[in-house]
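The values are calculated or read from the model by the stated rules, or taken from the named source; none is laboratory data. Just so we're clear, the structure is a prediction, and the values are computed from it rather than from any experiment. Here the Cβ positions follow ideal geometry from the backbone for every residue, glycine too, while neighbour counts run over all protein chains shown. Heavy atoms of the whole protein, side chains included, go into the accessibility calculation; ligands, DNA and RNA do not. Shrake-Rupley method; radii C 1.70, N 1.55, O 1.52, S 1.80 Å.
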Amino acid sequence: MFTNVLPKPTSSNLPFDLFEAISELKRELNAVILAHYYQEPDIQDVADYIGDSLGLSRQAADTDAEVIVFAGVHFMAETAKILNPNKLVLLPDLNAGCSLADTCPPEQFAAFKQQHPDHIVVSYINCSAEIKAMSDIICTSSNAVRLIEQIPASQPIIFAPDKNLGRYVMQQTGRDLVLWQGSCMVHETFSEKKLVQLKVAHPQAEIIAHPECEEPVLQQADFVGSTTALLNYVKVSDRPQFIVVTEPGIIHQMAKQVPGKEFIPAPSMGNCACNECPHMRLNTLEKLYLAMKNRQPEITMPEAIRVAALKPIEAMLRMSA
Ligand code: 13P
Ligand code: SF4
């Protein structure tokens, strides 16, 4: 795992108005703050851009800022660094990893790839730079179906690391993919039984779900899509209520952008807040401020890995332009 060497923030070393202090640092550093929808509301409110993995990658590819402050998880900030080798890319907490990315260790994946020498590799962006470096095309949850459809039908494909997104893509495209058996601990926590009970209690509600969920949960969904697609859907649907089957951080944007509607977070199996991503939630507004003030923790990687990982990311940006 990554090591965060910074001291823990204490109230005595923090300015009174963090929002104002962060705005000042942004001007001073010529920085842009990019945030994923799963970040805590305060971080979303201070960000210049909030988006899904594809939107964030596009912003990272296009920004003129000298410093990218990435409020998300490690693989997202790493993607920004792969695209911007000469920029300083900061992640508020370097321990903000991803349970799904962790299910795909590079040595094991290299051996798996060797067993399928005639296959090309399409990897979900939720993977390490080392896995990206072994891939031909990167995809996100919003473009996976579109990208697979562009690959000739005769070309065999390995899809990694998420077996749930892979299975969903197979169903949508009719393609046979060789799946790496990885998954996300957050999206596998949703209970089909509790979801059905919630739907009975709220018959007006539509169930909207992220494709990282397991099949029985997705089968209950009225709409399946990436975080941005879910946000766009609640804007156009005529229903007044939605049961949201993904990390509940997105509900902050839904409530802000569609104030008249109600958003109910889908429950997890136990009596825990396991539907909150423990990695995403490691970032806090205080850590974001300290990262900008101290100009660290910084994302770095070996140049050979960066160069190899850049190719499949560029292929994705080209193919989903
Ligand atoms: P999006 O592609 O919808 O942003 O999803 C990223 C993610 O990590 C979901 O768990
Ligand atoms: Fe990774 Fe799952 Fe968290 Fe998304 S929700 S960042 S896939 S652990």
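Projection of the Cα convex hull of the chain, averaged over all directions and equal to a quarter of that hull's surface, yields 16.9 nm².
Note on Glu192 and Asn95: the model spin-label points, each 7 Å out from Cα along the C-beta direction, lie 3.6 nm apart. Think of the chain as a dipole: +1 on every Lys or Arg Cβ, -1 on every Asp or Glu Cβ, centred on the Cα centre; then among Ser320, Leu56, Met280, Ser320 lies furthest on the positive end.
A simple packing score, the average count of other Cβ atoms within 10 Å per residue, orders the peptides 121-131, 173-183, 20-30, 243-253 as 121-131, 243-253, 173-183, 20-30, with the highest score first. What is the extension gain from Val200 to Ala21, computed as 0.36 nm multiplied by their sequence separation minus the C-alpha to C-alpha distance, in nm to one decimal? Fully extending the segment from Val200 to Ala21 adds 59.8 nm.
In plain terms, the chain from Asn232 to Cys274 could stretch by 12.6 nm, reckoned as 0.36 nm per residue minus the Cα-Cα distance.
DSSP beta bridges fully contained in the chain are about 5 percent antiparallel.
If R0 equals 30 Å, the separation of the Cβ atoms of Gln155 and Asp222 corresponds to a calculated FRET efficiency of about 0.35. Build a GNM of the chain with springs between Cα atoms under 10 Å apart, and of Glu149, Glu107, Glu286 the one that fluctuates most is Glu107. Put a dot 7 Å past the Cα of Asp62, heading toward its Cβ, do the same for Asp45, and the two dots end up 2.7 nm apart. One compactness figure for region 40-187 is 1.08, namely its Cα radius of gyration divided by 2.2 N^0.38 Å. Estimated from helical segments only, the mean residue ellipticity of the chain at 222 nm is -11500 deg cm²/dmol, where each DSSP H run of four or more residues counts as -39500 (n - 2.57).
Counting charges near Val217 (Lys, Arg +1; Asp, Glu -1) among other residues having Cβ under 15 Å from its Cβ returns a value of -4. Spin-label pair Glu298-Gln241: with each label point 7 Å from Cα along the Cα-Cβ axis, the two points sit 5.2 nm from one another. Remark: region 30-118 carries 34 Å² of accessible area per residue (probe radius 1.4 Å; ligands, DNA and RNA excluded).
Looking at region 114-204, the DSSP beta bridges with both ends there are about 0 percent antiparallel.
Taking other residues whose beta carbon is less than 12 angstrom from the beta carbon of Lys132, and scoring Lys, Arg as +1 and Asp, Glu as -1, yields -1.
A Gaussian network model of the chain, with springs between Cα atoms under 10 Å, assigns the largest mean-square fluctuation among Asn232, Asn164, Asn294 to Asn294. Per-residue packing, averaged as other Cβ atoms within 10 Å, sorts the ranges 58-66, 187-195, 76-84 into the order 76-84, 187-195, 58-66, beginning with the highest. Rolling a 1.4 Å probe over the protein heavy atoms of the chain, with every protein chain left in place, gives an accessible area that is 51 percent carbon and sulfur.
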